[in-house]
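Report on the following structure.
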Amino acid sequence: LFLKVLEMNPRDLGSSLALATLYQQDTAFVQARKILAGAQELFPGNSLLELRLAQNDYYLKEYARAEEGYAQYLSHNDTTLNVRKEYGVVLYFNKEEEKALLMLEPLLYLAPNDPMIPFYMGLSAKNLKDFNSSKQYLKLAEELSMPWYLPSIHRTMAQVHGLCREFSEAIASYQKLLELDPTDSEVFFEMATTYEEFESDKTVAFQYYRKYLENAGRGALNEAYARSRMAKIREALFFDNRGQNLILPE
């Protein structure tokens, strides 16, 4: 019906926005962009269309284009906190981590209960190799977070601890992740590689590689690497009579 309305009256901005919203609800973001871009040609400089296009480009994962759209919108609008947060997230995905931190940091004080702000700050700090700051932001995100955010937060926290050579803390974060999501088989692989790096007794790593293969099954993302490491560990331990009981999976 909205398409018919726009055929008769292409300048009906309300119908264009409503139709784009329906397409977005159906995850048809390419069609939504065509409608919004067509409306923008008819109404250049319309702030609402600028914002809707930037948000739609984010949904399309066109981060460079989305960054440009948010910047254009912010250049002449005193916008809301949520729009600034969206822009900060887009900057992170566009690998503009320093800009993302500058955009998101003031929002920590304006929205102190929003876990996504410190979470994306933690991700940005991690990419910039500022691991101490990353841990602080991720810890704050963990404390504020709703349960469905937590697995991703704990995995990132574990990775940051590993990069800081804080292996016992990394394992503790992986164990929290398993408690929250026991179906995430890749956690066993990450734990195995972590144990292999800091634990002199490689049988622990071997057992976690085994758990990974048992849980992930054939065709797992890191199956080939896990099997090759298990074979090498077994071979290394065989000569000091500790490898006989390490059975390679079929």
Solvent exposure, largest accessible area first (probe 1.4 Å, DNA, RNA and ligands not counted), of MET230, MET103: MET103, MET230
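Please compute the alpha carbon radius of gyration of the stretch 19-106, then divide it by the globular-protein estimate 2.2 N^0.38 Å. Two decimals is fine.
On the way: Rg = 12.8 Å, N = 88, 2.2 N^0.38 = 12.1 Å.
Taking N as the residue count of the stretch 19-106, the ratio is 1.06.
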Sequence-distant lysines (8 or more away, or on other chains) whose Cα lies within less than 27 Å of LYS232: LYS202, LYS211
Accessible area of the stretch 1-47 divided out per residue, in Å², using a probe of 1.4 angstrom: 64
Cross-link partners of LYS95 among lysines (Cα-Cα below 24 Å; sequence separation of 8 or more within a chain): LYS61, LYS85, LYS126, LYS129, LYS135, LYS139
PHE198, PHE189, ranked by accessible area, largest first (probe 1.4 Å): PHE198, PHE189
Percent accessible area from carbon and sulfur atoms, the chain, protein chains only, probe 1.4 Å: 53
Environment charge at PHE167 (Cβ cut-off 11 Å; Lys +1, Arg +1, Asp -1, Glu -1): -4
Residue-by-residue Karplus 3J(HN,Hα) for the stretch 110-124, coefficients 6.51, -1.76, 1.60, Hz, glycine and proline x: 7, 9, x, 10, 8, x, 6, 5, x, 5, 6, 5, x, 5, 5
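Let a ≥ b ≥ c be the square roots of the eigenvalues of the Cα gyration tensor of the chain; is it rounded (a/c under 1.5), or, if not, prolate (a/b larger than b/c) or oblate?
Values: a/c = 3.51, a/b = 2.13, b/c = 1.64.
Since a/c reaches 1.5 and a/b is larger than b/c, the shape of the chain is classed as prolate.
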Hz values of 3J(HN,Hα) by residue in the stretch 83-100 - Karplus curve (6.51, -1.76, 1.60), Gly and Pro given as x: 5, 5, 5, 4, 5, x, 5, 4, 4, 4, 5, 8, 6, 10, 4, 5, 5, 4
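The values are calculated or read from the model by the stated rules, or taken from the named source; none is laboratory data. Small disclaimer: the values here were computed from a predicted structure and weren't measured. Quick reminder, even Gly has a Cβ in these numbers, built from the backbone with ideal geometry, and neighbours come from all protein chains shown. Keep in mind that these areas ignore ligands, DNA and RNA; they rest on the heavy atoms of the full protein, side chains included. Shrake-Rupley method; radii C 1.70, N 1.55, O 1.52, S 1.80 Å.
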